[in-house]
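The values are calculated or read from the model by the stated rules, or taken from the named source; none is laboratory data. Just so it is clear, the structure is predicted and the values come from calculations on it, not from any experiment. Here Cβ is always computed from backbone atoms with ideal geometry, including for glycine, and neighbour counts include all displayed protein chains.
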Amino acid sequence: MQNVKLCEEYEPPFGLAVLACLLCAPVIYWLAEPLLTQLASSTVRSLIYWLSPLIAAFLTLYLSAWHRELPQFRRIILLAFHSIVIFGCVVAFGIVMVFGLLAMAIGYWFNMHCGL
């Protein structure tokens, strides 16, 4: 018989949750936009677009084996907090990327038109 030591503490799947959060919004927009434009108002659409990445990150963390030893309510609260942090980091990263691309475009335009 082999002695197999099972790991008591599982690694959190933060990388997978970030990936799910990043990919969820464009996929939901691409797949559901034709249906949502006919059925829902703009407020409901924007709510779906903002909440779907958060829900994807939460489900990724919840379905993992991370902190299964905790009571269910405490685990849900902990995973919801981590999902909100992940979503906030993804949104902040997106904002930084937009400002970075804007700064690059302005710098390129300035170099082209001012001749520096």
*For region 60-90, which residues satisfy the criterion of being closer than 16 Å to G15 by Cβ and without any contact (Cβ under 8 Å) to a residue 12 or more places away in the chain?*
L63, V85
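Regarding A65, is this residue in a helix (DSSP H, G or I) and among the small types (G, A, S)? Outline the logic, then answer.
Working: in a helix (DSSP H, G or I): no; among the small types (G, A, S): yes.
In short, no.
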*asked:* Any residue in region 22-38 that is without any contact (Cβ under 8 Å) to a residue 24 or more places away in the chain sitting within a Cβ distance under 7 Å of a residue that is among the hydrophobic types (A, V, I, L, M, F, W, C) and surrounded by 10 or more Cβ atoms within 10 Å (Cβ to Cβ)? List the pairs, counting only those 6 or more apart or interchain.
replied: L36/I48
*Out of the residues in region 57-100 that are closer than 15 Å to L16 by Cβ and polar (S, T, N, Q), state the one that is modelled with the lowest pLDDT.*
S64
_Members of region 1-56 that are β-branched (V, I, T), more than 10 Å from the chain's Cα centre (by Cα) and at pLDDT 80 or above_ = V27, I28, T43, V44, I48
